[in-house]
């Protein structure tokens, strides 16, 4: 067994050693989403002091639904960014999926679950076509998706009709963004997350023990589980507070339905990236495509799949967008893709490929949403809001470029 | 010398790039337990010969015998299935992954679709230990953080991990300092002593003479010499490389 040799696995030592190792990694440039998380806290503190409404439950719930669409799109884009590619068409793909969802329900009387499947399948098909052009024909993804960005705007106009607006009236679709879950569901959700986290951590510990490998100190697992429990309980109880303007007429409390949807996407995507062969191949192709090819990985197949995943996420984002606005117009989704790319990069996903996680995209999505929301509450002009978002993105991209250069030259 | 069948034998191999003949009726054979050096000036066709063995760039004509049986090498997969592995000069490692991930790249172990990190980690550590590697501290380090010698070690260990019969090393010491070169050459020797056929490509004749059993020389796409190290000298080999000397090549 390896623990009799001088070769370590990085799991030796105590809880404190693990902490020290983490600090050393951060100092070495592997910061992950830490800067974004710190930025988020600073921004939240500033806005909370500037305008107390920022901390009200109603605003927090708004923030969650504001960020959900961009976050979902950003999670999908993370897959593409991990390959060092880009998908400028993700936003209009979301718009087109939303249009197909709305039209299939309102014009053809399709039941909502089928309409949802149609919307996501459309996304997947678009991703397949983009992936095919990038991987097999060899056109840079920037060009392919720019072309798709333009073409799908036109298609959207044709499908929806100029100046047209298609309403959504299926209650389950509308509920996603506009109705909170019953109070108890929030707690059940937290319990499920906690059990799944502890269960999967214990499973991988047992797997390591079976093959004779050391595990990380138990203290880390306890620390992380308790963090999930405490932070989660805070969120749920906060969202379960009454936030209706006039509770006597309409009571509004509970976790929005969109929260579990985003969490499921986050968990599933993270599992695929971290624990499956395909996920490992995505990181490998993003890190060094030639090395991956020589190792026998079918690089073009990985590329196509990644674009399919990204565009499927865009399809889901389209459904969220349609739910929030209760309608789909001819320009739906045009403007959100840049915010989504910004969210991923601000969260710590590298534009150079090979580095980043889906949780980074979620945190980045929050940063973008908090800037938007907080500056709106302070009452600053919206021009300043865009300028600040741009500045934050530039800052994140600078950090990314410096980190990437450091790891290339060392 | 061993009289057994060579692990790999190339007969009259040809390769053209457009009008340029890069390999002209090349014969080449490697035996288990030996380090075979392939030398030649830039553009002599060394890389082309190796890429053919790796299945990356198939030969146009010629016979490839693997343990005496004719085989085709049309894809990297076919080569690695036969047990031929190439450690490239540019190392072909993914900087953003750790040592274990790199050693199992493309051939990860998984249980019902879920990666078995524990088993991979333990096998990677065992392999490094079996090669008496002392320079690598933790198998969970990112490759980006390793030195040139450590990276070369990981790349060679990857080839060993899969119990390959033939390990091809493309300029393994080109980017290394003196101490690291020494370590890598010792590793190369241990590989051959453990019964593998090792092919080493190098510009550095000192390294070649330190480690090789047999030396093949390519000159402008032709195999101009095939000699045992014990029966030649550095001056002769320099002569073959520059075309000043030639030798009839018997296979």
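The values are calculated or read from the model by the stated rules, or taken from the named source; none is laboratory data. This structure is a prediction, so every number in the text was calculated from the model and none was measured. Glycine gets a Cβ as well: all are built from the backbone with ideal geometry, and neighbour counts include every protein chain shown.
Counting just the residues of the stretch B:118-140 that are more than 7 Å from every other protein chain (Cβ to nearest Cβ) and modelled with pLDDT of 85 or more, which one comes out nearest to residue A:200 (Cα to Cα)?
Here the residue is B:120.
What's the number of the condition residue A:253 fails, among (1) touching a strand residue (DSSP E or B) at 6+ places or on another chain (Cβ under 7 Å); (2) at pLDDT 95 or above?
(2)
Could you grab me the full set of residues in the stretch A:295-328 that are touching a strand residue (DSSP E or B) at 6+ places or on another chain (Cβ under 8 Å) and either surrounded by fewer than 21 Cβ atoms within 10 Å (Cβ to Cβ) or at positive phi (or both)?
Within the stretch A:295-328, A:326, A:327 qualify.
Could you tell me which of the residues B:83, B:55, B:118 is touching a residue at least 24 places away in the same chain (Cβ under 8 Å), within 26 Å of residue A:302 (Cβ to Cβ) and buried (at least 21 other Cβ atoms within 10 Å of the Cβ)?
Details: B:83 fails: buried (at least 21 other Cβ atoms within 10 Å of the Cβ); B:118 fails: touching a residue at least 24 places away in the same chain (Cβ under 8 Å).
Exactly one of B:83, B:55, B:118 is touching a residue at least 24 places away in the same chain (Cβ under 8 Å), within 26 Å of residue A:302 (Cβ to Cβ) and buried (at least 21 other Cβ atoms within 10 Å of the Cβ), namely B:55.
State yes or no: is residue A:317 in contact (Cβ under 8 Å) with a residue 24 or more places away in the chain and in contact with a helix residue (DSSP H, G or I) (Cβ under 6 Å, 6 or more places away or on another chain)? Walk me through it before giving the result.
Values: in contact (Cβ under 8 Å) with a residue 24 or more places away in the chain: yes; in contact with a helix residue (DSSP H, G or I) (Cβ under 6 Å, 6 or more places away or on another chain): yes.
The answer is yes for residue A:317.
Output the residue which, of all residues in the stretch B:141-190 that are in a loop (DSSP other than H, G, I, E, B) and crowded, with 17+ Cβ neighbours inside 10 Å, is farthest from the other protein chains (Cβ to nearest Cβ). Working first, answer last.
First pass over the stretch B:141-190, keeping only residues in a loop (DSSP other than H, G, I, E, B): B:141, B:146-147, B:162-165, B:171-177.
If we keep only those that are crowded, with 17+ Cβ neighbours inside 10 Å as well, we get B:141, B:146, B:164-165, B:171-173, B:176.
Working: B:141: 7, B:146: 9, B:164: 13, B:165: 17, B:171: 16, B:172: 16, B:173: 20, B:176: 16 Å.
Among those that are in a loop (DSSP other than H, G, I, E, B) and crowded, with 17+ Cβ neighbours inside 10 Å, it is B:173.
Specify which of the listed residues (B:9, B:34, B:4) is touching a strand residue (DSSP E or B) at 6+ places or on another chain (Cβ under 8 Å) and either over 23 Å from residue B:171 (Cβ atoms) or free of Cβ contacts under 8 Å to residues at least 24 places away in the same chain (or both).
None of the other options fit; the residue is B:9.
Any idea how many residues of the stretch A:225-246 are more than 14 Å from residue A:61 (Cβ to Cβ) and either at pLDDT below 90 or touching a helix residue (DSSP H, G or I) at 6+ places or on another chain (Cβ under 7 Å) (or both)?
Taking the stretch A:225-246 and keeping what is more than 14 Å from residue A:61 (Cβ to Cβ), we get A:225-234, A:246.
With either at pLDDT below 90 or touching a helix residue (DSSP H, G or I) at 6+ places or on another chain (Cβ under 7 Å) (or both) added as a condition, the list becomes A:225, A:228-229, A:232-233, A:246.
Qualifying residue count for the region: 6.
For the stretch B:241-251: of the residues being touching a residue at least 60 places away in the same chain (Cβ under 8 Å) and surrounded by 14 or more Cβ atoms within 10 Å (Cβ to Cβ), which is farthest from residue B:20 (Cα to Cα)?
The first filter runs over the stretch B:241-251 and keeps only residues touching a residue at least 60 places away in the same chain (Cβ under 8 Å), leaving B:241-242, B:249, B:251.
Then drop every residue that is not surrounded by 14 or more Cβ atoms within 10 Å (Cβ to Cβ), which leaves B:241, B:249.
Values: B:241: 20, B:249: 23 Å.
Residue satisfying both the conditions and the ranking: B:249.
Would you check if residue B:62 is more than 10 Å from chain A (Cβ to nearest Cβ) and outside any loop (DSSP other than H, G, I, E, B)?
yes
So which of A:68, A:36, A:24, A:74 ends up being within 14 Å of another protein chain (Cβ to nearest Cβ) and in a helix (DSSP H, G or I)? Show your work before the answer.
Working: A:68 fails: within 14 Å of another protein chain (Cβ to nearest Cβ); A:36 fails: within 14 Å of another protein chain (Cβ to nearest Cβ); A:74 fails: within 14 Å of another protein chain (Cβ to nearest Cβ).
Exactly one residue qualifies, and that residue is A:24.
Within the set of pairs 6+ apart or on separate chains, which have a first residue in the stretch A:395-410 that is at pLDDT 80 or above, a second that is part of a helix (DSSP H, G or I), and C-beta atoms under 6 Å apart?
Short answer, once both residue conditions are applied: A:396/A:345; A:396/A:346; A:397/A:345.
Looking at A:346, A:285, can you tell me which residue is within 14 Å of another protein chain (Cβ to nearest Cβ), in a helix (DSSP H, G or I) and either touching a helix residue (DSSP H, G or I) at 6+ places or on another chain (Cβ under 6 Å) or under 26 Å from residue A:228 (Cα atoms) (or both)?
A:285
Can you tell me which residue is surrounded by the most Cβ atoms within 10 Å (Cβ to Cβ) among those in the stretch B:192-222 that are under 22 Å from residue B:175 (Cβ atoms) and without any contact (Cβ under 8 Å) to a residue 60 or more places away in the chain?
For the stretch B:192-222, the residue satisfying everything is B:207.
Could you tell me whether any residue of the stretch A:84-93 is modelled with pLDDT of 90 or more and within 14 Å of another protein chain (Cβ to nearest Cβ)?
The answer is yes, given that some residue of the stretch A:84-93 is modelled with pLDDT of 90 or more and within 14 Å of another protein chain (Cβ to nearest Cβ).
Could you list, in sequence order, the residues of the stretch A:256-276 that are closer than 19 Å to residue B:113 by Cα and either in a loop (DSSP other than H, G, I, E, B) or not assigned by TED's automatic domain parsing to the domain that holds residue A:173 (or both)?
A:276
Among the residues of the stretch A:169-189, is any surrounded by 14 or more Cβ atoms within 10 Å (Cβ to Cβ), within 14 Å of another protein chain (Cβ to nearest Cβ) and without any contact (Cβ under 8 Å) to a residue 60 or more places away in the chain?
Checking the stretch A:169-189: not a single residue is surrounded by 14 or more Cβ atoms within 10 Å (Cβ to Cβ), within 14 Å of another protein chain (Cβ to nearest Cβ) and without any contact (Cβ under 8 Å) to a residue 60 or more places away in the chain.
Tell me the residue from B:85, B:81, B:95 that is part of a helix (DSSP H, G or I) and either at the interface with another protein chain (Cβ under 7 Å from one of its Cβ atoms) or under 18 Å from the mean Cα position of the chain (by Cα) (or both), please. Working first, answer last.
Values: B:85 fails: part of a helix (DSSP H, G or I); B:95 fails: part of a helix (DSSP H, G or I).
Selected residue: B:81, the only one of B:85, B:81, B:95 that is part of a helix (DSSP H, G or I) and either at the interface with another protein chain (Cβ under 7 Å from one of its Cβ atoms) or under 18 Å from the mean Cα position of the chain (by Cα) (or both).
Exactly one condition in (1) in contact with a strand residue (DSSP E or B) (Cβ under 9 Å, 6 or more places away or on another chain); (2) surrounded by 17 or more Cβ atoms within 10 Å (Cβ to Cβ) is not met by residue B:43; state its number.
For residue B:43, the exception is condition (2).
Which residue, of A:58, A:103, A:120, is in contact with a strand residue (DSSP E or B) (Cβ under 9 Å, 6 or more places away or on another chain) and either buried (at least 24 other Cβ atoms within 10 Å of the Cβ) or part of a helix (DSSP H, G or I) (or both)?
A:103
For the condition part of a loop (DSSP other than H, G, I, E, B) and either out of contact with any strand residue (DSSP E or B) (no Cβ under 7 Å at 6 or more places or on another chain) or within 21 Å of residue B:26 (Cβ to Cβ) (or both), what is the one hit in B:73, B:53?
Sole residue among the options that is part of a loop (DSSP other than H, G, I, E, B) and either out of contact with any strand residue (DSSP E or B) (no Cβ under 7 Å at 6 or more places or on another chain) or within 21 Å of residue B:26 (Cβ to Cβ) (or both): B:73.
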